[in-house]
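The values are calculated or read from the model by the stated rules, or taken from the named source; none is laboratory data. No experiment lies behind these values; they were computed from the predicted model shown. Glycine also receives a Cβ, built like all others from the backbone with ideal geometry; neighbour counts cover every protein chain displayed.
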């Protein structure tokens, strides 16, 4: 008789995200996963493979959820500058409220696993391309509606805005002064003037 799973895989992936986000990949043991997830080792290996396979599935779920949210967010924004201002406020507000100072799971993974992990590097390069495509398409709307001067180099601005985002996510781990972080965003967004 086949064994019946007594857990929901999506719930397990979300719990996995939270654990790896808090502890990082290298500091999370199989025993940590078993204890945190409330499943036995056999179920973990049978369903997900090993630690790395579980991490990859959880991390990809995290990236997809964030990117879907990113796309949906920018689809609702009318003003380019105000849209970016609101967008950057989201991680700043999260950082200020984050008592565990977890930061961004993707940025944490970049700093922990790269450049040694070439597979993860590919995943994160693709993720960067997705985010930059969303930014670029939103900026193009601004040139069409006259909010952004057509002479501006949107590719360079896109790259800068991506770097600004990641810089903020790292800085917010050591400086969660909301006013200062918002001033950084305000200064950075002057590139759109």
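When you look at residue 92, is it buried (at least 18 other Cβ atoms within 10 Å of the Cβ), touching a helix residue (DSSP H, G or I) at 6+ places or on another chain (Cβ under 6 Å) and part of a loop (DSSP other than H, G, I, E, B), yes or no?
Details: buried (at least 18 other Cβ atoms within 10 Å of the Cβ): yes; touching a helix residue (DSSP H, G or I) at 6+ places or on another chain (Cβ under 6 Å): yes; part of a loop (DSSP other than H, G, I, E, B): no.
No, not satisfied.
Of the residues 143, 109, which single one is more than 17 Å from residue 164 (Cα to Cα) and crowded, with 17+ Cβ neighbours inside 10 Å?
109
Would you mind telling me which numbered condition in (1) without any contact (Cβ under 8 Å) to a residue 60 or more places away in the chain; (2) under 21 Å from residue 166 (Cβ atoms) residue 98 fails?
Going through (1) without any contact (Cβ under 8 Å) to a residue 60 or more places away in the chain; (2) under 21 Å from residue 166 (Cβ atoms) one by one, residue 98 breaks only (1).
Would you point out which residue out of 179, 155, 82 is touching a helix residue (DSSP H, G or I) at 6+ places or on another chain (Cβ under 8 Å), assigned to a helix (DSSP H, G or I), over 26 Å from residue 19 (Cβ atoms) and without any contact (Cβ under 8 Å) to a residue 24 or more places away in the chain?
155
When you check residue 126 against the structure, is it modelled with pLDDT of 95 or more, within 14 Å of the chain's Cα centre (by Cα) and either over 20 Å from residue 80 (Cβ atoms) or not assigned by TED's automatic domain parsing to the domain that holds residue 22 (or both), yes or no?
yes
Which one of these is modelled with pLDDT of 95 or more and surrounded by 13 or more Cβ atoms within 10 Å (Cβ to Cβ): 192, 169?
From the options 192, 169, the qualifying one is 192.
So for the range 22-43 (the condition being part of a helix (DSSP H, G or I) and within 20 Å of residue 124 (Cα to Cα)), does at least one residue qualify?
Within the range 22-43, one or more residues are part of a helix (DSSP H, G or I) and within 20 Å of residue 124 (Cα to Cα).
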